[in-house]
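Structure, as structure tokens:
The values are calculated or read from the model by the stated rules, or taken from the named source; none is laboratory data. Nothing here was measured: the structure is a model prediction, and the numbers come from that model. With ideal geometry, Cβ positions are generated from the backbone for all residues, glycine too; neighbour counts draw on all protein chains shown. Calculation scope for accessible area: heavy atoms of the full protein, side chains included, ligands and nucleic acids excluded. Shrake-Rupley method; radii C 1.70, N 1.55, O 1.52, S 1.80 Å.
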Amino acid sequence: MAKSGTTTQGLRAAIERSGYYPTLVAEAVEAAVGGEPISSYLVHQETTFDSNEVRRHVTVLVLTHNRFIVSHTDEQAADAGSPSPYATTSTESVKLSSISSVVLSRVVANPESYTPGTLPREVVLTIGWGAVSRIDLEPAACGEPNCDSDHGYTGNSTADDLSLRVSEAGDGPETVRQTLVFAQALSEATAATAAAAR
């Protein structure tokens, strides 16, 4: 389930509609936003299955004129450290000038007959700001098939601070649409910030 919009009241209502510890989530997000006006937001809840347990997770993304705020809330079962179930919520505030990439991957059915405006069946929004990077390495090789020399390693470094996947089948078409709206608002805001810094 995802909800998007542009007002503080709308954000609070979207968090409440998610039904996932709304008082806890709203308090954390509102404290991070402070008094700044909201340009856009997205609330996304996902459910995962871990062995015999069902776990829920909510991600709240908020865009203001100066910052991108991301909040995650997870629930945990009772364990050796805590005799009762508990939830963990965290918020991170990122300056728009720190965002290095906004990647939107779209999966469309029947691309040969695609018409503009058709919703993708799946969208993955990946946002990087340098807090988390992933390095994928593999042994380097040359073009000689019988060569057994050590050519070192080759690889890629990828900014992967946040990746959010929504699908029409799992989340509904409105969730896909709302993710596209938020991604566009974030892309436009980061472009405007970069242009203003020149």
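Could you put HIS65, HIS72 in order of accessible surface area, largest first, with the 1.4 Å probe and the full protein assembly present?
Heavy-atom accessible area, descending, gives HIS65, HIS72.
Can you give me the three principal axis dimensions of the chain from its C-alpha atoms, in Å, biggest first?
Here the Cα extents, ordered largest to smallest, are 64, 50, 41 Å.
Any chance you could run the full-extension gain for ARG121 through ALA31? It's 0.36 nm times the residue separation minus the Cα-Cα distance, nm to one decimal.
The ARG121-ALA31 span can extend by a further 29.0 nm.
Stretch THR47-THR193 to full length: gain in nm at 0.36 nm per residue minus the Cα-Cα span?
49.1 nm
Return the single residue from VAL94, VAL176, VAL54 with maximal mean-square fluctuation; model: Gaussian network over the chain, springs between Cα atoms under 10 Å.
In the Gaussian network model the winner is VAL54.
Give me the extension gain from ASN66 to HIS151: residue separation times 0.36 nm, minus the current Cα-Cα distance, reported in nm with one decimal.
Here the segment from ASN66 to HIS151 would lengthen by 26.1 nm.
How high is the relative contact order of segment 138-192? Use alpha-carbon pairs under 8 Å, at least six apart in sequence, and give a whole percent.
About 20 percent, as a whole number.
Please report the net charge: other residues with Cβ closer than 13 Å to the Cβ of VAL123, K and R +1, D and E -1.
Net charge around VAL123: 0.
At a 10 angstrom cut-off on C-beta neighbours, averaged per residue, how do the peptides 9-22, 108-121 rank from highest to lowest?
By packing density, highest mean first, the sequence is 9-22, 108-121.
GNM, the chain, Cα, under 10 Å: largest mean-square fluctuation among THR64, THR154, THR89?
Evaluated over the chain, the most mobile residue of the options is THR154.
With r as the distance between the Cβ atoms of GLU144 and SER97 and R0 = 45 Å, compute the FRET efficiency 1/(1 + (r/R0)^6) and round to 0.05.
Computed FRET efficiency for SER97 and GLU144 comes out at 0.45.
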